1. Considering only the stretch 191-288, give the helices (runs of 4 or more DSSP H) lying wholly within it that have at least 1 residues that are of a type outside the set (A, V, I, L, M), touching a residue at least 40 places away in the same chain (Cβ under 8 Å) and open to solvent by less than 20 Å² (accessible area, probe 1.4 Å).
2. Give me the pairs, please: first residue somewhere in the stretch 159-179 and surrounded by 16 or more Cβ atoms within 10 Å (Cβ to Cβ), second residue anywhere and of a type outside the set (A, V, I, L, M, F, W, C) and part of a helix (DSSP H, G or I), beta-carbon distance under 6 Å, and either six or more positions apart or on two chains.
3. Taking the criterion of being part of a strand (DSSP E or B), at pLDDT below 90 and crowded, with 16+ Cβ neighbours inside 10 Å, would at least one residue in the stretch 21-31 satisfy it?
Amino acid sequence: MIERGVSLNGSRAKEWLRTRGWDATALNLHVFADVFDAPRFGYSRTWLAAGQYERIGSEESSRVRALLLVEGSAELGLGHQMSDFGVGDLVLVGGASPVVLSATAPVAIYEIVTDYDRMGLGRYELPPTSGPHATSPNYWPALTGLINQVLASSVTAEDFGISSVRTAVDNLLLASLKESTAMSARKRFAEKNHLLSRARAIIQDEAHSSDLTVARLAELVRVSRAHLHRLFSADNSTPLAEIRAARVELAQLHLTEDSGLQESNLLDVAQRSGFKTVSALRRALRRA
């Protein structure tokens, strides 16, 4: 099926979207679209009014659908997870996977439907698709440009050379997804390093205070306690161990500075090092 210059609103737009596998909920529904559908693949470019759009029905399990946002911003739901979906973001979902697109303003989205095998991968070997990935700038112009050419031309699924176009789109899609997944992984790694560095800086600054607990550290870093533990665990450590080590180091510094310190003043050293009692200070020093 090939449709170019589709312009519909209201109930006609809603019915047309249902034929495309989307259920729409919008106050003022307007749709503008260009569609190129072949038996085993397809491309579409659709402008949608603000609203919520839910993927309905199912496709063959061998199919894969790529969604690429080119105008506006929205939230994209995959299963129970909602993620921001902005210009240049790409997400790949299985043919039968549920998808919800929620937009508070008009958006434009490209859909690419193909087969897992055509992309040279088994369906369980694809990069993670738990949320949208920023499309690689190395492939975005070529991918969108090629699809635009198909949608703007009079080419049909039977025309000579269309199989080469399909191969090119599949290869660009896979390359873009792989690179954007790698970019996302690098970004997550950098974010983790930043959070861990921030946590360690706070420990150094606040170790003198007995109020610094693991729970308080998580609040200061603005992450959950579980996430804080994961950050340190990835570096073979724990937040509690590093808080204790910082306090021991601080106590040892005070003891060195005050070599003539009397037993009666050990409580002062303990308190200035973040320990609530002299006993706690002594235990920590013995473990060090």
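The values are calculated or read from the model by the stated rules, or taken from the named source; none is laboratory data. Predicted, not measured: the structure shown is a model, and the values here were computed from it. Positions of Cβ are generated from backbone atoms using ideal geometry, with glycine treated the same way; all protein chains shown enter the neighbour counts. Accessible surface areas use protein heavy atoms only, side chains included; no ligands, DNA or RNA. Shrake-Rupley method; radii C 1.70, N 1.55, O 1.52, S 1.80 Å.
1. Helices (runs of 4 or more DSSP H) meeting the threshold: 239-257.
2. Once the first residue is surrounded by 16 or more Cβ atoms within 10 Å (Cβ to Cβ) and sits in the stretch 159-179, its partners that are of a type outside the set (A, V, I, L, M, F, W, C) and part of a helix (DSSP H, G or I) give D170/R118.
3. Within the stretch 21-31, not a single residue is part of a strand (DSSP E or B), at pLDDT below 90 and crowded, with 16+ Cβ neighbours inside 10 Å.
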